[in-house]
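Down below is the structure, laid out as structure tokens.
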Ligand SMILES: [Mg+2]
């Protein structure tokens, strides 16, 4: 069975790009336009991995990861942070917040699937 990936991203173009890359690599893709919907979808579908945009209105990626990591069930889901504005210390901040990995946009369409695969096969610590 194909692994399920949930993209939480407010920008449509970025969602389209993720959909293209991930479906090409054989994953089932779910999509949410905002953090609240994303959390609801995570609960309903229990994806193997979430690709979480940091810059979103109302509920940003850091608020979403906090909710996920504080939830007994959702905390098990792997989450990759995807961000446009990388600043010094952001990576550390993201890993501290509970993200499994951190990538900056524009994403590299060649190396990104490798990272996804890597995170999916990481053993939970
Ligand atoms: Mg955004």
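The values are calculated or read from the model by the stated rules, or taken from the named source; none is laboratory data. Note that this is a predicted model, so its numbers are computed, not measured. Note that each Cβ is placed from the backbone with ideal geometry, even for glycine, and that neighbours are counted across all protein chains shown.
Can you tell me which residue within segment 73-92, out of those that are part of a helix (DSSP H, G or I) and free of Cβ contacts under 8 Å to residues at least 24 places away in the same chain, is nearest to residue 38 (Cα to Cα)? Lay out the reasoning, then the answer.
Residues of segment 73-92 that are part of a helix (DSSP H, G or I), as a first pass: 74-76, 90-92.
Okay, now just the ones that are also free of Cβ contacts under 8 Å to residues at least 24 places away in the same chain, so 75, 90-92.
On the way: 75: 14, 90: 22, 91: 22, 92: 24 Å.
Here the answer is 75.
Here's a check for you: in segment 1-22, which residue that is in contact with a strand residue (DSSP E or B) (Cβ under 6 Å, 6 or more places away or on another chain) and assigned to a loop (DSSP other than H, G, I, E, B) is modelled with the lowest pLDDT? Residue satisfying both the conditions and the ranking: 2. Can you spot a residue in segment 100-117 that is in contact with a helix residue (DSSP H, G or I) (Cβ under 6 Å, 6 or more places away or on another chain), buried (at least 17 other Cβ atoms within 10 Å of the Cβ), part of a loop (DSSP other than H, G, I, E, B) and at pLDDT 95 or above? Looking through segment 100-117, at least one residue is in contact with a helix residue (DSSP H, G or I) (Cβ under 6 Å, 6 or more places away or on another chain), buried (at least 17 other Cβ atoms within 10 Å of the Cβ), part of a loop (DSSP other than H, G, I, E, B) and at pLDDT 95 or above. For segment 28-70, which residues satisfy the criterion of being touching a residue at least 12 places away in the same chain (Cβ under 8 Å), away from the ligand (no atom under 16 Å from the Cβ) and assigned to a loop (DSSP other than H, G, I, E, B)? Within segment 28-70, 46, 47, 48 meet the criteria. For segment 23-55, the set of residues classified as in contact with a strand residue (DSSP E or B) (Cβ under 8 Å, 6 or more places away or on another chain) and buried (at least 20 other Cβ atoms within 10 Å of the Cβ) consists of 27, 32, 35, 38, 42, 47, 49, 50, 51, 52, 53, 54, listed by residue number.
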